[in-house]
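Down below is the structure, laid out as structure tokens.
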Amino acid sequence: MTDHILIERQGAVQIIRMNRPDKKNALTRAMYAKMSSALVEGDADPAVRVHVFLGVPGAFSAGNDLADFLVVATGGEGGNEVWDFLMALAKAEKPMVSGVDGIAVGIGTTLNLHCDLTFATPRTLFRTPFVDLGLVPEAGSSLLAPQILGRQGAFALLGLGEGFSAERAKAAGLIYEVVAGNALEGAVLAAADEIAAKPPQALKIARDLMRGPREDLIARIKVESEHFHERLKSDEARAALTAFMTRKKAG
């Protein structure tokens, strides 16, 4: 359902809110598609100067809806919605700010690697259990995480699948600031408004210089996606995903 993604404009700030609280904002193909469109359309609209990602109280995102993964793992085909979203993230021309509260799993963590500022609450936990599910890192995280966290920090996050608390994430450089839960959205939107007030062309050049050429990131996302798709169809991933879904239903 596309109403699981709410798009709002506040002045020059475009807010992309994941709004599927009953599933802890697990992302479906339709949700990816709507976020992609918002990023692309916002980049093309001169009235938009900043993109903001928000979730719901207690859940930024539980990651990809595993039912979609299981469809591919059991012989079905996936669409291009996830790829389109990852490309929109990698190619975004305008600054991106995120506010994270609670669960931030898989893409709920790796999305923030693309953001220019991320705020999180003390109860936030960042985790990427890709390997535990027989899968591999995605969203360019195998390139971005070592740049941000160092090789061993990246391995702890992406290989071991360790959870990073908000404080640990801040110390590692994964996020910008830890703020109280009731102050999260205010802090995010205040930062977005401040960014939006900057001279846009000067800010774009400064951001592009800091981010560097996009080609390496796009190439890495492509390689990751190829491995990810292959892994989804592997016996190892099928068994891990089925076991996880079985435990989830039993719980």
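A few notes on this one:
- Test item: Cα-centred dipole of the chain, Lys/Arg +1 and Asp/Glu -1 on Cβ, debye: 340
- Violating pairs (Cα-Cα greater than 27 angstrom) within the set Lys34/Lys170; Lys94/Lys233; Lys34/Lys94; Lys170/Lys204: Lys34/Lys170; Lys94/Lys233
- Between the stretch 92-144 and the stretch 153-197, the alpha-carbon center distance in angstrom: 9
- Once the Cα-Cα distance is subtracted from the 0.36 nm per residue extended length, the Arg214 to Glu162 segment shows a gain of 15.9 nm.
- Placing +1 on each Lys and Arg Cβ and -1 on each Asp and Glu Cβ, with no other charges, gives the stretch 1-139 a dipole about its Cα centre of roughly 360 debye.
- Since only Ala240, Ala219, Ala145 are under comparison, the one whose Cα sits farthest along the positive direction of the charge dipole of the chain, derived from C-beta charges on Lys, Arg, Asp and Glu, is Ala240.
- On Cα atoms only, tilt of 81-91 relative to the major axis of the chain in degrees: 40
- Mean Cβ neighbour count within 10 Å, used as a protection proxy, ranking 137-149, 229-241, 9-21 highest first: 137-149, 9-21, 229-241
- Counting 0.36 nm for each residue step from Ala30 to Val223 and taking away their Cα separation leaves a gain of 67.1 nm.
- Once the Cα atoms are used to define both axes, helix 141-158 deviates from the longest principal axis of the chain by about 50 degrees.
- Sorted peptide list for 187-194, 198-205, criterion being average Cβ within 10 angstrom, highest first: 187-194, 198-205
- Degrees between helix 184-196 axis and first principal axis of the chain (Cα, 0 to 90, nearest 10): 50
- Simple spin-label estimate for Ser37 and Glu236 in nanometres, 7 Å along Cα-Cβ: 3.8
- Between Glu93 and Ala180, the simple label model (points 7 Å from Cα in the Cβ direction) yields a spacing of 4.0 nm.
- Accessible carbon and sulfur surface of the chain relative to its total accessible area, %, 1.4 Å: 57
The values are calculated or read from the model by the stated rules, or taken from the named source; none is laboratory data. Fair warning: this is a prediction, and the values are worked out from it, not measured in the lab. FYI the Cβ positions are ideal-geometry reconstructions off the backbone, even for glycines, and counts take in every protein chain you see. With ligands, DNA and RNA removed, areas are computed over all heavy atoms of the protein, side chains included. Shrake-Rupley method; radii C 1.70, N 1.55, O 1.52, S 1.80 Å.
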